[in-house]
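Heads up, the thing below is written out as structure tokens.
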Amino acid sequence: MGEELKVIVFALGEEQYGIEVDKVRTIERMQPITRVPKAPGFIKGVINLRGVVIPVLDLRGRFGLEETVATDNSRIIIVAANELEVGFIVDSANDVIDIDSDTIDSPPEVVGGIKAKYLQGIAKIGEKQLLVMLNLSEVLNRKEIIQLEQLEV
């Protein structure tokens, strides 16, 4: 048996994704986002969360999926990535589960149109459910982190 991982489960469309709990700061309801000029398309802007300006990006746009209108279920997951707090807009944040690290397989080259570099692996949950684990260091690559840090000014 491998190491137990606590994972926050969230949805983009019909797919379930996971981020390790220790990388998540908080999960917030949707709120007004201030657009930032000249930001890449998937960066929606910034929010003021308890006095801290946090860049927000749409994971659908980041992964090249069709963007949708936010609903009552939409959430902003605030994660810590390389000393930077960033918000990810997701369709819903559903659950916190425990996963045995041994059940996580390497990702195939492309999963539902999402490049494998964004994925840490695919976890098998139960008999039929798969959970796509995100690789935060690739979802936010170095160049984009520099762009996001500049947004905070």
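Identify the single condition in (1) more than 18 Å from A123 (Cβ to Cβ); (2) at pLDDT 90 or above; (3) outside any loop (DSSP other than H, G, I, E, B) that G61 does not satisfy, given that it satisfies every other one.
(2)
Across the stretch 14-51, what is the number of residues that are surrounded by 11 or more Cβ atoms within 10 Å (Cβ to Cβ) and either among the hydrophobic types (A, V, I, L, M, F, W, C) or assigned to a loop (DSSP other than H, G, I, E, B) (or both)?
Within the stretch 14-51, residues that are surrounded by 11 or more Cβ atoms within 10 Å (Cβ to Cβ) and either among the hydrophobic types (A, V, I, L, M, F, W, C) or assigned to a loop (DSSP other than H, G, I, E, B) (or both) number 15.
May I ask you to list the residues in the stretch 69-88 that are open to solvent by 10 Å² or more (accessible area, probe 1.4 Å) and under 13 Å from K44 (Cα atoms)?
Hits for the stretch 69-88 are V69, A70.
Within the stretch 104-151, which residues are open to solvent by 70 Å² or more (accessible area, probe 1.4 Å) and at pLDDT below 70?
If the condition is that a residue be open to solvent by 70 Å² or more (accessible area, probe 1.4 Å) and at pLDDT below 70, then E109, V110, K115, K117, R142, K143, I146, E149, Q150 are the ones that fit.
Can you tell me which residue among D98, D91 is open to solvent by 60 Å² or more (accessible area, probe 1.4 Å), on the phi < 0 side of the Ramachandran plot and touching a Leu at 6+ places or on another chain (Cβ under 8 Å)?
D98
Within the stretch 78-99, can you find the residues that are over 27 Å from E127 (Cβ atoms) and in a strand (DSSP E or B)?
We begin by selecting, within the stretch 78-99, every residue over 27 Å from E127 (Cβ atoms); these are 78-89.
Once the filter is applied, which keeps residues that are over 27 Å from E127 (Cβ atoms) and in a strand (DSSP E or B), the stretch 78-99 yields I78, V79, A80, A81, L84, E85, V86, G87, F88, I89.
Only one of these conditions is not met by R60: (1) in contact with a helix residue (DSSP H, G or I) (Cβ under 7 Å, 6 or more places away or on another chain); (2) surrounded by fewer than 19 Cβ atoms within 10 Å (Cβ to Cβ); (3) among the charged types (D, E, K, R). Which number is it?
Failing condition for R60: (1).
The values are calculated or read from the model by the stated rules, or taken from the named source; none is laboratory data. Keep in mind that what you see is a predicted model, and the values were worked out from it rather than measured. Don't worry about glycine lacking a Cβ; one is built from the backbone with ideal geometry, like all the others, and counts go over all protein chains shown. Heads up: the accessible areas ignore ligands, DNA and RNA and are worked out on the full protein's heavy atoms, side chains in. Shrake-Rupley method; radii C 1.70, N 1.55, O 1.52, S 1.80 Å.
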